[in-house]
Each structure stands twice: as structure tokens, then as C-alpha cells.
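Below is one structure, written out as C-alpha cells, with a few remarks after it.
The values are calculated or read from the model by the stated rules, or taken from the named source; none is laboratory data. Note that the structure is a prediction, hence the values are computed from the model and not measured. Here Cβ is always computed from backbone atoms with ideal geometry, including for glycine, and neighbour counts include all displayed protein chains. For the accessible areas, the whole protein counts, side chains as well, though only heavy atoms, and no ligand, DNA or RNA atoms are used. Shrake-Rupley method; radii C 1.70, N 1.55, O 1.52, S 1.80 Å.
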Amino acid sequence: MSSPVPDDVRSIFDKADFLRYLGVELVGVGPDWCETSLAVKDHHRQQHGFIHAGVIATMADHTAGGAARAASGERDVITIEFKINFLRPAVGERLRCRARVLRAGKSIVVSESEVFAMKDGEEKLVAKATETLSLI
């Protein structure tokens, strides 16, 4: 599911050099959600061949930020805390992350992200994060 991406949300992805380096792509955004995708390459893998936890955490963090930015009106956001659970080793040719806002307040937004690994047409949930962001 995708939708047109507002410029304010697109800009937080376009200005993030690290996301471009990793290859994280903004897929869609709505009033309180955001979705990203990543084509997995060899440099995304750790020593056992699984997709690196740092790649997954970065994707979960920034996607949750995209959802929070979409819900915040004209204010930008910055992560002040997040927790991530890695549910299984991530294997596959693509990652997909979907984040949604749980609550958007006047100064704080709480979002959650789910990261899925796709392999041979099958998608498995590999991580779930909860994140607190400050409106700046």
C-alpha cells in the first residue's frame, strides 16, 4: 500500500545521507504511518550471513520518524528513545518496514515499527520497535 509522499516527510529521508548509503527507500506515507523498503546487498549482512541488526534498527528508527513527522503537522521530530526486539534472524532479499503513530501529543510522539524480511515471496516479521520522538 502506498500513497503520495508529502514534501515535509520526503525531506527527512532525502537529507539523511546514511539512509541513501544503506539504500533505504521511502515507499509511502499517510497521516499517521510510513513505509520503507530496502533491497538487501552483501554489505548489509553480518558475519553469519544474516541482515545486520544495525541495518534493521536504522530502518525501524527512521521509518517511525517518518510516521511521526507525518502526524506532527509543520514540526520536525527527533528520536529521544527507542527499544527494539529482534524476533528472529533476518534472511532474505528485501526488508520492508511499516511504522505507525500510537500517540501524537503537543511535544512528544510515540510510534512503533515492524520490520519484515522477504525471501522467496514469503514475508516474516523479524523485528518490532517502539520509539519516542520529540517535536522540534
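Mind checking which residues of the range 39-55 are assigned to a loop (DSSP other than H, G, I, E, B) and either touching a Leu at 6+ places or on another chain (Cβ under 9 Å) or of a type in the set (K, R) (or both)? Scanning the range 39-55 gives V40, K41.
If you go through the range 109-123 and keep only what is loosely packed, with under 15 Cβ neighbours inside 10 Å and assigned to a strand (DSSP E or B), you end up with K119, E122, E123.
With respect to the conditions (1) at pLDDT below 95; (2) not in a loop (DSSP other than H, G, I, E, B); (3) not aromatic (F, W, Y), R75 lacks only one, and its number is (2).
In the range 116-136, the residues that are free of Cβ contacts under 8 Å to residues at least 40 places away in the same chain and aromatic (F, W, Y) reach residues that are open to solvent by 60 Å² or more (accessible area, probe 1.4 Å) and part of a strand (DSSP E or B) with C-beta atoms within less than 8 angstrom, at least six apart or across chains, in these pairs: F116/R98; F116/E123; F116/K124. Only residues that are open to solvent by less than 20 Å² (accessible area, probe 1.4 Å) and among the acidic types (D, E) were counted across the range 20-36, and they come to 1.
Being touching a helix residue (DSSP H, G or I) at 6+ places or on another chain (Cβ under 6 Å), open to solvent by less than 20 Å² (accessible area, probe 1.4 Å) and modelled with pLDDT under 95 holds for only one residue in V55, V9, and it is V9.
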